[in-house]
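The values are calculated or read from the model by the stated rules, or taken from the named source; none is laboratory data. Fair warning: this is a prediction, and the values are worked out from it, not measured in the lab. Every residue, glycine among them, receives a Cβ derived from its backbone with ideal geometry; neighbour counts consider all protein chains shown. Quick note on the areas: whole protein, heavy atoms, side chains included, nothing else; ligands and nucleic acids left out. Shrake-Rupley method; radii C 1.70, N 1.55, O 1.52, S 1.80 Å.
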Amino acid sequence: MSNNILKNDLKIMLIEPNANSAEVEKALLEHIRDVGHVLVQKNPLGALNLLRLSNSFSMIIAEINMPKINGFDFIKNLEKNDLLGIPVILMSADESLKDRAIEIGAFGFLQKPIYFADLKAMVEQAASMIL
């Protein structure tokens, strides 16, 4: 991935199986100045396939509790496929999962419900790592 990402050019993959949560989270992300595009994926396996085909995303934000594979296994799959160069932010309502998320290789952790200030700070911090 190029390090010449311009402002308003962050491309984020949001993996959220809950349609209502995905709608709210996408809307919050779209209010962050440097976010240019948010792609919502409900299925983590579909997200992995898409990433294998075209790894053009600036970062990934994923729910930990997903059907088929959880957020921890998702990160392990990214690592197996040499795709872990992208910052991955995991989120969950269960704050006790934060330490495990970081240990497994997540860039960061957001506790649900997501607050805009927390989301914005985490996205900006991850973006600073890739810009």
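Quick one: which of Ala19, Ala93 is under 22 Å from Phe109 (Cβ atoms) and open to solvent by 40 Å² or more (accessible area, probe 1.4 Å)? Talk me through it step by step, then tell me what you get.
Working: Ala19 fails: under 22 Å from Phe109 (Cβ atoms).
That would be Ala93, the only listed residue that is under 22 Å from Phe109 (Cβ atoms) and open to solvent by 40 Å² or more (accessible area, probe 1.4 Å).
Number of residues in region 109-126 that are outside any strand (DSSP E or B), among the hydrophobic types (A, V, I, L, M, F, W, C) and surrounded by 15 or more Cβ atoms within 10 Å (Cβ to Cβ): the value is 5.
Within region 26-51, residues that are closer than 22 Å to Ile75 by Cβ and without any contact (Cβ under 8 Å) to a residue 60 or more places away in the chain have Cβ atoms under 8 Å from residues that are of a type in the set (S, T, N, Q) and part of a helix (DSSP H, G or I) in these pairs: Leu48/Asn77, counting only partners at least 6 apart in sequence or on another chain.
For region 19-53, a residue qualifies if it is over 24 Å from Asn70 (Cβ atoms) and over 14 Å from the mean Cα position of the chain (by Cα), and the qualifying residues are Ala27, His31, Ile32, Arg33, Asp34, Gly36. From the list Met129, Met66, the lone residue that is outside any loop (DSSP other than H, G, I, E, B) and either open to solvent by less than 80 Å² (accessible area, probe 1.4 Å) or farther than 23 Å from Glu23 by Cβ (or both) is Met129. A single member of Ala106, Ala101 is of a type outside the set (Val, Ile, Thr), outside any helix (DSSP H, G or I) and open to solvent by less than 40 Å² (accessible area, probe 1.4 Å), and it is Ala106.
Conditions tested, residue by residue: (1) closer than 16 Å to Leu14 by Cα; (2) modelled with pLDDT under 95.
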residue	(1), (2)
Ser54	yes, yes
Ile64	yes, no
Asn70	yes, no
Lys80	no, yes
Met91	yes, no
Leu119	yes, no
Val123	yes, no
Met129	no, yes
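Filtered by the rule that a residue be under 26 Å from Ser96 (Cα atoms) and assigned to a loop (DSSP other than H, G, I, E, B), region 25-63 gives Lys42, Asn43. Any idea how many residues of region 72-90 are without any contact (Cβ under 8 Å) to a residue 40 or more places away in the chain and open to solvent by less than 70 Å² (accessible area, probe 1.4 Å)? The total comes to 11.
The residues of region 94-108 that are touching a strand residue (DSSP E or B) at 6+ places or on another chain (Cβ under 7 Å) and without any contact (Cβ under 8 Å) to a residue 24 or more places away in the chain, listed by number, are Glu95, Lys98, Ile102, Gly108.
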